Amino acid sequence: MVFHWTRLRGKPLRQVVVALALIAAGAATSHAQRTVVSPSVAPSAAPSAGALRAAVERGLTSAPLGFEALQSPSQTGVRVLDLRVEQLGPATRITIDLSQKTLTYDPTGDVEAVVDAVIASTAPLTSGAVEYRFLVEGLPLDEFLPRAGPSQPARTLADPGAHRVVISAGHGVYWNEGFGDWRLQRPRLWGIVEDLVNWDITNYLAAQLAGSPFQAVLVRQPDRDDRPGVSGRPAWQEAALYFMKTAAVPPDVWNIGVDDYARDINTRPFYANWVDAVAVISIHNNGGEATGTETWFDATNGHEAASQRLAEIVNRRVVSAIRAEYNPEWVDRGLRSCNGCKGENRLASRPAIILEIAFMDRRTPDNEALQDERFKQIVARAIRDALHEWAGAAAAPRSRTD
Ligand SMILES: [Zn+2]
(Lines give C-alpha, C1' and ligand atoms only; values in the text may rest on other atoms or scores of the structure.)
Protein backbone atom coordinates (compact mmCIF):
# COMPACT_ATOMS: atom_id res chain seq x y z
CA MET A 1 0.00 0.00 0.00
CA VAL A 2 1.12 3.47 -0.74
CA PHE A 3 1.12 6.42 1.52
CA HIS A 4 1.10 9.95 0.31
CA TRP A 5 2.23 13.00 2.06
CA THR A 6 -0.45 15.47 2.68
CA ARG A 7 -0.70 18.37 0.35
CA LEU A 8 -3.18 20.91 1.42
CA ARG A 9 -4.58 23.25 -1.11
CA GLY A 10 -7.04 25.44 0.72
CA LYS A 11 -5.52 28.57 2.08
CA PRO A 12 -7.27 28.68 5.39
CA LEU A 13 -6.88 24.98 5.83
CA ARG A 14 -3.21 25.15 5.05
CA GLN A 15 -2.68 27.70 7.73
CA VAL A 16 -4.70 25.72 10.16
CA VAL A 17 -3.17 22.38 9.54
CA VAL A 18 0.36 23.63 9.43
CA ALA A 19 -0.23 25.18 12.77
CA LEU A 20 -2.13 22.28 14.19
CA ALA A 21 -0.10 19.47 12.83
CA LEU A 22 3.08 20.23 14.63
CA ILE A 23 2.12 18.61 17.80
CA ALA A 24 -0.83 16.84 19.20
CA ALA A 25 -3.49 17.83 21.55
CA GLY A 26 -6.43 16.41 23.37
CA ALA A 27 -10.12 16.29 23.56
CA ALA A 28 -13.07 16.10 25.68
CA THR A 29 -14.89 13.21 26.97
CA SER A 30 -16.19 13.24 30.28
CA HIS A 31 -15.88 11.09 33.19
CA ALA A 32 -17.73 12.17 36.19
CA GLN A 33 -15.09 12.93 38.62
CA ARG A 34 -16.30 11.50 41.78
CA THR A 35 -18.17 8.41 42.38
CA VAL A 36 -17.91 6.55 45.56
CA VAL A 37 -17.53 2.94 44.71
CA SER A 38 -15.33 0.69 46.64
CA PRO A 39 -14.15 -2.57 45.08
CA SER A 40 -10.53 -2.14 44.17
CA VAL A 41 -10.22 -5.07 41.82
CA ALA A 42 -12.54 -5.49 38.91
CA PRO A 43 -14.14 -8.91 38.83
CA SER A 44 -13.72 -11.01 35.73
CA ALA A 45 -17.23 -12.36 35.83
CA ALA A 46 -20.16 -10.30 34.64
CA PRO A 47 -21.25 -7.94 37.37
CA SER A 48 -24.68 -8.32 38.85
CA ALA A 49 -27.38 -5.94 37.74
CA GLY A 50 -28.18 -5.19 41.36
CA ALA A 51 -24.64 -4.15 42.22
CA LEU A 52 -24.39 -2.02 39.09
CA ARG A 53 -27.70 -0.34 39.75
CA ALA A 54 -26.71 0.46 43.31
CA ALA A 55 -23.41 1.92 42.10
CA VAL A 56 -25.13 4.07 39.48
CA GLU A 57 -27.70 5.32 41.95
CA ARG A 58 -24.90 6.29 44.34
CA GLY A 59 -23.04 7.98 41.50
CA LEU A 60 -26.06 10.13 40.72
CA THR A 61 -26.21 11.53 44.24
CA SER A 62 -23.38 14.00 43.68
CA ALA A 63 -23.19 16.72 41.06
CA PRO A 64 -20.51 16.09 38.43
CA LEU A 65 -17.43 18.27 38.41
CA GLY A 66 -18.19 21.61 36.86
CA PHE A 67 -21.88 21.20 37.69
CA GLU A 68 -21.69 21.80 41.42
CA ALA A 69 -23.83 24.89 40.92
CA LEU A 70 -26.66 22.47 40.19
CA GLN A 71 -28.31 19.94 42.42
CA SER A 72 -27.17 16.35 42.02
CA PRO A 73 -28.79 14.38 39.19
CA SER A 74 -30.81 12.32 41.65
CA GLN A 75 -32.06 15.45 43.42
CA THR A 76 -33.38 16.79 40.14
CA GLY A 77 -35.17 13.58 39.22
CA VAL A 78 -32.69 11.58 37.20
CA ARG A 79 -33.66 8.00 37.99
CA VAL A 80 -32.53 4.55 36.97
CA LEU A 81 -35.71 2.99 35.62
CA ASP A 82 -34.14 -0.33 34.73
CA LEU A 83 -30.70 -1.90 34.45
CA ARG A 84 -30.06 -5.20 32.75
CA VAL A 85 -26.90 -7.23 32.20
CA GLU A 86 -26.45 -9.77 29.42
CA GLN A 87 -23.45 -11.78 28.34
CA LEU A 88 -22.95 -11.61 24.56
CA GLY A 89 -20.05 -13.90 23.84
CA PRO A 90 -17.02 -12.27 25.43
CA ALA A 91 -18.78 -8.95 25.88
CA THR A 92 -21.03 -7.80 28.66
CA ARG A 93 -23.97 -5.70 27.57
CA ILE A 94 -25.26 -3.30 30.19
CA THR A 95 -28.58 -1.70 29.32
CA ILE A 96 -29.46 1.28 31.47
CA ASP A 97 -32.86 2.93 31.18
CA LEU A 98 -32.87 6.42 32.66
CA SER A 99 -35.68 8.85 33.31
CA GLN A 100 -36.40 11.73 30.97
CA LYS A 101 -34.77 14.25 33.30
CA THR A 102 -31.45 12.89 32.02
CA LEU A 103 -31.97 14.98 28.88
CA THR A 104 -32.31 18.25 30.77
CA TYR A 105 -30.23 17.80 33.91
CA ASP A 106 -27.67 20.00 32.26
CA PRO A 107 -29.85 22.99 31.36
CA THR A 108 -28.02 23.25 28.06
CA GLY A 109 -29.34 19.86 27.00
CA ASP A 110 -25.97 18.16 26.98
CA VAL A 111 -26.24 14.64 28.41
CA GLU A 112 -22.56 13.90 28.84
CA ALA A 113 -22.35 14.98 32.47
CA VAL A 114 -24.98 12.49 33.58
CA VAL A 115 -23.91 9.69 31.26
CA ASP A 116 -20.31 10.03 32.30
CA ALA A 117 -21.32 9.86 35.95
CA VAL A 118 -23.13 6.63 35.20
CA ILE A 119 -20.17 5.16 33.34
CA ALA A 120 -17.66 6.18 36.00
CA SER A 121 -19.81 4.69 38.74
CA THR A 122 -19.78 1.33 37.00
CA ALA A 123 -16.04 1.36 36.21
CA PRO A 124 -14.87 -0.60 39.27
CA LEU A 125 -17.48 -3.30 38.66
CA THR A 126 -16.67 -3.96 35.02
CA SER A 127 -13.76 -5.51 33.20
CA GLY A 128 -13.27 -6.80 29.70
CA ALA A 129 -15.43 -5.81 26.76
CA VAL A 130 -18.54 -3.87 27.72
CA GLU A 131 -21.31 -2.60 25.51
CA TYR A 132 -23.28 0.13 27.21
CA ARG A 133 -26.74 0.70 25.87
CA PHE A 134 -28.45 3.80 27.21
CA LEU A 135 -32.19 4.26 27.05
CA VAL A 136 -34.33 7.21 28.03
CA GLU A 137 -37.81 6.11 29.04
CA GLY A 138 -37.26 2.98 26.97
CA LEU A 139 -36.04 4.71 23.80
CA PRO A 140 -32.40 4.58 22.65
CA LEU A 141 -30.42 7.59 23.87
CA ASP A 142 -28.91 8.19 20.46
CA GLU A 143 -32.35 8.98 19.06
CA PHE A 144 -32.43 12.09 21.23
CA LEU A 145 -28.98 13.36 20.37
CA PRO A 146 -27.82 15.55 17.52
CA ARG A 147 -25.83 13.68 14.99
CA ALA A 148 -24.95 15.93 12.13
CA GLY A 149 -21.90 18.06 12.22
CA PRO A 150 -21.09 20.50 9.49
CA SER A 151 -22.75 18.61 6.71
CA GLN A 152 -20.14 19.32 4.13
CA PRO A 153 -16.53 18.47 4.88
CA ALA A 154 -13.97 20.64 3.15
CA ARG A 155 -13.77 18.18 0.32
CA THR A 156 -12.31 20.60 -2.15
CA LEU A 157 -9.45 21.09 0.26
CA ALA A 158 -8.88 17.47 0.93
CA ASP A 159 -6.18 15.38 -0.61
CA PRO A 160 -7.46 11.87 -1.25
CA GLY A 161 -4.07 10.46 -0.40
CA ALA A 162 -3.62 12.22 2.87
CA HIS A 163 -3.46 10.27 6.08
CA ARG A 164 -4.45 13.05 8.36
CA VAL A 165 -5.24 11.75 11.80
CA VAL A 166 -6.84 14.08 14.28
CA ILE A 167 -5.20 13.55 17.65
CA SER A 168 -7.46 15.19 20.14
CA ALA A 169 -6.12 15.85 23.64
CA GLY A 170 -9.09 15.71 25.96
CA HIS A 171 -10.41 18.67 27.97
CA GLY A 172 -8.58 21.93 28.71
CA VAL A 173 -9.36 25.24 30.39
CA TYR A 174 -12.85 26.46 29.48
CA TRP A 175 -15.41 29.07 30.45
CA ASN A 176 -17.82 27.63 32.98
CA GLU A 177 -21.09 29.51 32.73
CA GLY A 178 -22.42 28.15 36.00
CA PHE A 179 -19.54 29.63 37.97
CA GLY A 180 -18.67 32.45 35.61
CA ASP A 181 -14.99 31.60 35.55
CA TRP A 182 -12.27 29.87 33.57
CA ARG A 183 -11.34 26.47 34.91
CA LEU A 184 -9.89 23.12 34.02
CA GLN A 185 -12.43 20.43 33.18
CA ARG A 186 -10.98 17.84 35.53
CA PRO A 187 -9.65 17.85 39.10
CA ARG A 188 -6.04 17.95 40.15
CA LEU A 189 -5.14 14.56 41.65
CA TRP A 190 -1.84 13.94 43.39
CA GLY A 191 -0.37 16.93 41.60
CA ILE A 192 -1.49 16.21 38.05
CA VAL A 193 -4.62 17.00 36.08
CA GLU A 194 -6.06 15.08 33.16
CA ASP A 195 -6.43 18.13 30.92
CA LEU A 196 -2.66 18.59 30.88
CA VAL A 197 -1.60 14.93 31.01
CA ASN A 198 -3.64 14.35 27.86
CA TRP A 199 -1.80 17.21 26.18
CA ASP A 200 1.58 15.70 27.15
CA ILE A 201 0.78 12.31 25.65
CA THR A 202 -0.66 13.90 22.53
CA ASN A 203 2.47 15.98 22.21
CA TYR A 204 4.66 12.90 22.40
CA LEU A 205 2.49 11.12 19.84
CA ALA A 206 2.70 14.02 17.40
CA ALA A 207 6.48 13.95 17.71
CA GLN A 208 6.43 10.21 17.04
CA LEU A 209 4.38 10.73 13.90
CA ALA A 210 6.68 13.37 12.45
CA GLY A 211 8.19 11.91 9.30
CA SER A 212 5.68 9.06 9.22
CA PRO A 213 2.98 8.58 6.60
CA PHE A 214 0.54 10.08 9.07
CA GLN A 215 0.00 13.73 9.63
CA ALA A 216 -0.96 14.47 13.19
CA VAL A 217 -3.59 17.17 13.19
CA LEU A 218 -3.96 18.73 16.59
CA VAL A 219 -6.93 20.46 18.11
CA ARG A 220 -5.30 22.30 21.00
CA GLN A 221 -2.46 24.80 20.96
CA PRO A 222 0.63 22.72 20.19
CA ASP A 223 3.27 25.12 21.47
CA ARG A 224 4.01 24.72 25.13
CA ASP A 225 4.98 28.18 26.20
CA ASP A 226 3.63 30.84 28.49
CA ARG A 227 1.75 32.84 25.89
CA PRO A 228 -1.67 33.47 27.36
CA GLY A 229 -4.82 32.51 25.54
CA VAL A 230 -8.22 34.12 25.83
CA SER A 231 -8.54 32.76 29.38
CA GLY A 232 -5.38 34.49 30.55
CA ARG A 233 -3.81 31.09 31.18
CA PRO A 234 -1.22 29.59 28.83
CA ALA A 235 -2.94 28.90 25.52
CA TRP A 236 -1.73 25.29 25.40
CA GLN A 237 -3.75 24.56 28.53
CA GLU A 238 -6.97 25.77 26.93
CA ALA A 239 -9.64 23.56 25.39
CA ALA A 240 -9.85 22.96 21.65
CA LEU A 241 -12.67 25.42 21.14
CA TYR A 242 -10.45 28.44 21.72
CA PHE A 243 -7.66 27.17 19.49
CA MET A 244 -10.17 26.62 16.71
CA LYS A 245 -11.45 30.16 17.06
CA THR A 246 -7.98 31.53 16.42
CA ALA A 247 -7.16 29.13 13.60
CA ALA A 248 -9.27 30.29 10.67
CA VAL A 249 -11.70 27.42 11.12
CA PRO A 250 -15.28 28.29 10.12
CA PRO A 251 -17.82 28.82 12.92
CA ASP A 252 -19.89 25.81 11.94
CA VAL A 253 -16.97 23.71 13.09
CA TRP A 254 -16.53 25.31 16.51
CA ASN A 255 -19.73 27.14 17.29
CA ILE A 256 -22.09 24.20 17.71
CA GLY A 257 -23.43 23.72 21.21
CA VAL A 258 -25.08 25.81 23.85
CA ASP A 259 -22.15 26.40 26.14
CA ASP A 260 -18.39 26.21 25.91
CA TYR A 261 -18.23 22.75 27.46
CA ALA A 262 -20.49 21.31 24.76
CA ARG A 263 -18.90 23.40 22.01
CA ASP A 264 -15.49 22.10 23.02
CA ILE A 265 -16.57 18.48 22.80
CA ASN A 266 -18.35 19.00 19.49
CA THR A 267 -15.64 20.95 17.74
CA ARG A 268 -13.19 18.06 17.87
CA PRO A 269 -15.12 15.55 15.74
CA PHE A 270 -16.51 18.36 13.57
CA TYR A 271 -13.00 19.53 12.89
CA ALA A 272 -11.95 15.98 11.96
CA ASN A 273 -14.88 15.87 9.54
CA TRP A 274 -13.92 19.23 8.11
CA VAL A 275 -10.31 18.27 7.42
CA ASP A 276 -11.50 14.87 6.19
CA ALA A 277 -9.24 12.99 8.57
CA VAL A 278 -8.88 9.24 8.13
CA ALA A 279 -9.50 8.76 11.83
CA VAL A 280 -9.90 10.54 15.14
CA ILE A 281 -8.00 9.40 18.20
CA SER A 282 -9.03 11.13 21.39
CA ILE A 283 -6.52 10.92 24.21
CA HIS A 284 -8.01 10.70 27.68
CA ASN A 285 -7.47 9.35 31.13
CA ASN A 286 -10.20 7.86 33.18
CA GLY A 287 -12.22 8.42 36.31
CA GLY A 288 -14.06 5.97 38.53
CA GLU A 289 -11.28 4.58 40.73
CA ALA A 290 -10.69 1.42 38.73
CA THR A 291 -7.37 0.55 37.08
CA GLY A 292 -6.04 -0.09 33.59
CA THR A 293 -6.64 0.83 29.96
CA GLU A 294 -9.87 0.79 27.96
CA THR A 295 -10.79 2.08 24.49
CA TRP A 296 -14.16 3.38 23.38
CA PHE A 297 -15.94 3.47 20.06
CA ASP A 298 -19.46 4.49 19.10
CA ALA A 299 -21.98 1.92 17.94
CA THR A 300 -24.09 4.43 16.03
CA ASN A 301 -21.86 6.77 14.03
CA GLY A 302 -21.98 4.76 10.81
CA HIS A 303 -18.38 3.60 11.14
CA GLU A 304 -18.79 1.05 13.88
CA ALA A 305 -16.76 -1.74 12.31
CA ALA A 306 -13.83 0.44 11.32
CA SER A 307 -13.88 2.17 14.69
CA GLN A 308 -13.99 -1.11 16.55
CA ARG A 309 -11.06 -2.40 14.55
CA LEU A 310 -9.03 0.72 15.27
CA ALA A 311 -9.98 0.50 18.94
CA GLU A 312 -8.93 -3.13 19.11
CA ILE A 313 -5.52 -2.45 17.59
CA VAL A 314 -4.81 0.63 19.68
CA ASN A 315 -5.96 -0.97 22.92
CA ARG A 316 -3.95 -4.13 22.30
CA ARG A 317 -0.80 -2.23 21.32
CA VAL A 318 -0.98 0.15 24.25
CA VAL A 319 -1.57 -2.56 26.83
CA SER A 320 1.17 -4.79 25.39
CA ALA A 321 3.68 -1.96 25.33
CA ILE A 322 2.93 -0.97 28.92
CA ARG A 323 3.22 -4.59 30.03
CA ALA A 324 6.45 -5.17 28.12
CA GLU A 325 8.19 -1.93 29.03
CA TYR A 326 6.67 -0.63 32.21
CA ASN A 327 4.40 -2.83 34.29
CA PRO A 328 3.74 -6.51 33.47
CA GLU A 329 0.66 -6.46 35.66
CA TRP A 330 -1.09 -3.64 33.81
CA VAL A 331 -4.83 -4.30 33.49
CA ASP A 332 -6.48 -4.59 30.09
CA ARG A 333 -10.08 -3.42 30.44
CA GLY A 334 -10.77 -4.04 26.79
CA LEU A 335 -13.12 -2.30 24.41
CA ARG A 336 -16.13 -0.26 25.39
CA SER A 337 -18.93 0.88 23.16
CA CYS A 338 -22.15 2.79 23.60
CA ASN A 339 -25.01 4.15 21.54
CA GLY A 340 -24.01 7.76 21.23
CA CYS A 341 -22.92 8.44 24.80
CA LYS A 342 -19.70 10.26 23.86
CA GLY A 343 -19.93 13.12 21.41
CA GLU A 344 -16.31 12.91 20.39
CA ASN A 345 -17.01 9.54 18.79
CA ARG A 346 -20.66 9.95 17.84
CA LEU A 347 -20.20 13.15 15.87
CA ALA A 348 -17.25 11.95 13.82
CA SER A 349 -18.29 10.82 10.35
CA ARG A 350 -15.25 8.53 10.21
CA PRO A 351 -13.54 5.96 12.44
CA ALA A 352 -13.18 7.45 15.90
CA ILE A 353 -11.97 6.13 19.21
CA ILE A 354 -11.35 7.40 22.71
CA LEU A 355 -8.37 5.91 24.45
CA GLU A 356 -8.64 5.96 28.23
CA ILE A 357 -5.10 5.16 29.19
CA ALA A 358 -5.22 4.99 32.98
CA PHE A 359 -7.35 6.09 35.92
CA MET A 360 -6.40 9.51 37.21
CA ASP A 361 -8.12 8.76 40.50
CA ARG A 362 -6.36 5.44 41.20
CA ARG A 363 -3.11 6.36 42.85
CA THR A 364 -1.26 3.08 42.24
CA PRO A 365 -0.40 2.09 39.63
CA ASP A 366 -2.36 4.41 37.36
CA ASN A 367 -1.78 7.95 38.62
CA GLU A 368 1.82 7.15 39.48
CA ALA A 369 2.41 5.96 35.93
CA LEU A 370 0.91 9.17 34.54
CA GLN A 371 3.45 11.15 36.53
CA ASP A 372 6.25 9.42 34.60
CA GLU A 373 7.33 10.88 31.25
CA ARG A 374 8.66 7.47 30.24
CA PHE A 375 5.22 5.93 30.65
CA LYS A 376 3.64 8.63 28.50
CA GLN A 377 6.24 8.08 25.80
CA ILE A 378 5.67 4.32 25.81
CA VAL A 379 1.98 4.93 25.27
CA ALA A 380 2.64 7.43 22.48
CA ARG A 381 4.91 5.00 20.63
CA ALA A 382 2.35 2.23 20.99
CA ILE A 383 -0.36 4.41 19.44
CA ARG A 384 2.00 5.25 16.58
CA ASP A 385 2.64 1.55 16.00
CA ALA A 386 -1.07 0.86 16.17
CA LEU A 387 -1.75 3.42 13.46
CA HIS A 388 0.78 1.73 11.23
CA GLU A 389 -0.78 -1.67 11.83
CA TRP A 390 -4.23 -0.27 11.14
CA ALA A 391 -3.19 1.41 7.92
CA GLY A 392 -0.95 -1.40 6.79
CA ALA A 393 -3.83 -3.78 6.70
CA ALA A 394 -6.58 -1.62 5.36
CA ALA A 395 -5.83 1.97 4.55
CA ALA A 396 -4.24 1.49 1.18
CA PRO A 397 -6.58 3.12 -1.26
CA ARG A 398 -8.38 5.06 1.34
CA SER A 399 -12.07 5.31 1.06
CA ARG A 400 -13.84 8.60 1.33
CA THR A 401 -16.89 6.95 2.69
CA ASP A 402 -15.45 4.74 5.35
ZN1 LIG B 1 -11.19 12.63 29.89
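Which members of the stretch 170-193 meet the condition of being within 12 Å of the ligand (Cβ to nearest atom) and out of contact with any Lys or Arg (no Cβ under 7 Å at 6 or more places or on another chain)? Listed by number, the residues that qualify are G170, L184, Q185, R186, P187. There is no residue in the stretch 206-229 that is in contact with a Gly (Cβ under 9 Å, 6 or more places away or on another chain) and among the aromatic types (F, W, Y). Determine, yes or no, whether S349 is under 27 Å from T122 (Cα atoms) and either of a type in the set (G, A, S) or touching a helix residue (DSSP H, G or I) at 6+ places or on another chain (Cβ under 8 Å) (or both). Taking the combined requirement at face value, the residue does not satisfy it. Checking each residue in the stretch 257-299 for being of a type outside the set (D, E, K, R) and in a strand (DSSP E or B) picks out A279, V280, I281, S282, I283, H284, N285, N286, T293, T295, W296, F297.
Matching residues to (1) among the charged types (D, E, K, R); (2) at pLDDT 95 or above:
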{"position": "G138", "(1), (2)": "no, yes"}
{"position": "F144", "(1), (2)": "no, no"}
{"position": "S151", "(1), (2)": "no, no"}
{"position": "V166", "(1), (2)": "no, yes"}
{"position": "R183", "(1), (2)": "yes, yes"}
{"position": "W190", "(1), (2)": "no, yes"}
{"position": "D195", "(1), (2)": "yes, yes"}
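Pairs meeting the criteria (first residue in the stretch 335-356 and farther than 11 Å from P269 by Cβ and in a strand (DSSP E or B), second residue away from the ligand (no atom under 13 Å from the Cβ) and of a type in the set (D, E), beta carbons under 6 Å, at least 6 apart or on different chains) are S337/E131. Of the candidates L241, L196, the single residue that is in a helix (DSSP H, G or I), farther than 22 Å from E373 by Cα and within 16 Å of the ligand (Cβ to nearest atom) is L241.
Filtered by the rule that a residue be part of a loop (DSSP other than H, G, I, E, B), acidic (D, E) and surrounded by fewer than 17 Cβ atoms within 10 Å (Cβ to Cβ), the stretch 68-112 gives a lone residue, E68. Can you tell which of N327, N345, N285, N315 is within 22 Å of L189 (Cα to Cα) and crowded, with 23+ Cβ neighbours inside 10 Å? Exactly one residue qualifies, and that residue is N285.
Taking the conditions exactly as written (assigned to a strand (DSSP E or B) and touching a residue at least 40 places away in the same chain (Cβ under 8 Å)), does I322 satisfy them or not? No, not satisfied.
The values are calculated or read from the model by the stated rules, or taken from the named source; none is laboratory data. None of the values given here were measured: they were computed from a predicted structure. Here the Cβ is made from the backbone with ideal geometry for all residues, glycine too, and neighbour counts use every protein chain on show.
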